[in-house]
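Engineer: This structure is in structure tokens; I'll ask about it shortly.
The values are calculated or read from the model by the stated rules, or taken from the named source; none is laboratory data. Computed from a predicted model, the values in this text were never measured in an experiment. Cβ placement follows ideal geometry from the backbone for every residue including glycine, while neighbour counts extend to all protein chains displayed.
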């Protein structure tokens, strides 16, 4: 599965907030199997207590998962505050309950129409503003 590297910006200007943007995740191959779908490169976000994912774009028949890992190898789907898995088939914004060492988006199913962007906003609990 191709890995999409994110663009990371600092909207706060002081390091207390980061925006991690994975653009153009797609279904890329007619070959069945996980290699047919994009995955976002992992982002180390253990220091950020608040996390919100905004998934947008053209889904077609696609599904995007927001996954977390503590070892950077084994990933599981994260949940919203109500305990629902972060599985996106339409545009929406959701808070993320679990704090894991790493976080990434992954396309789990899709078609040629799929083209989605994932914006993750993370904020430190104790901001560093002066």
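Engineer: Could you say whether any residue in region 73-87 is within 21 Å of residue 17 (Cα to Cα), exposed (fewer than 15 other Cβ atoms within 10 Å of the Cβ), without any contact (Cβ under 8 Å) to a residue 60 or more places away in the chain and in contact with a strand residue (DSSP E or B) (Cβ under 7 Å, 6 or more places away or on another chain)?
Structural biologist: Taking every residue of region 73-87 in turn, at least one turns out to be within 21 Å of residue 17 (Cα to Cα), exposed (fewer than 15 other Cβ atoms within 10 Å of the Cβ), without any contact (Cβ under 8 Å) to a residue 60 or more places away in the chain and in contact with a strand residue (DSSP E or B) (Cβ under 7 Å, 6 or more places away or on another chain).
Engineer: Continuing with the same structure: Assuming residue 60 fulfils every condition listed in (1) farther than 14 Å from residue 122 by Cβ; (2) touching a strand residue (DSSP E or B) at 6+ places or on another chain (Cβ under 6 Å); (3) in a loop (DSSP other than H, G, I, E, B); (4) in contact (Cβ under 8 Å) with a residue 40 or more places away in the chain apart from one, which condition is it?
Structural biologist: Residue 60 satisfies every listed condition except (2).
Engineer: Could you tell me which of the residues 122, 73 is under 23 Å from residue 2 (Cβ atoms) and either in a loop (DSSP other than H, G, I, E, B) or modelled with pLDDT of 90 or more (or both)?
Structural biologist: Residue meeting the stated conditions: 73.
Engineer: Right, next: Looking only at region 42-57, decide whether some residue is more than 10 Å from the chain's Cα centre (by Cα), farther than 18 Å from residue 124 by Cα and in a loop (DSSP other than H, G, I, E, B).
Structural biologist: Taking every residue of region 42-57 in turn, none turns out to be more than 10 Å from the chain's Cα centre (by Cα), farther than 18 Å from residue 124 by Cα and in a loop (DSSP other than H, G, I, E, B).
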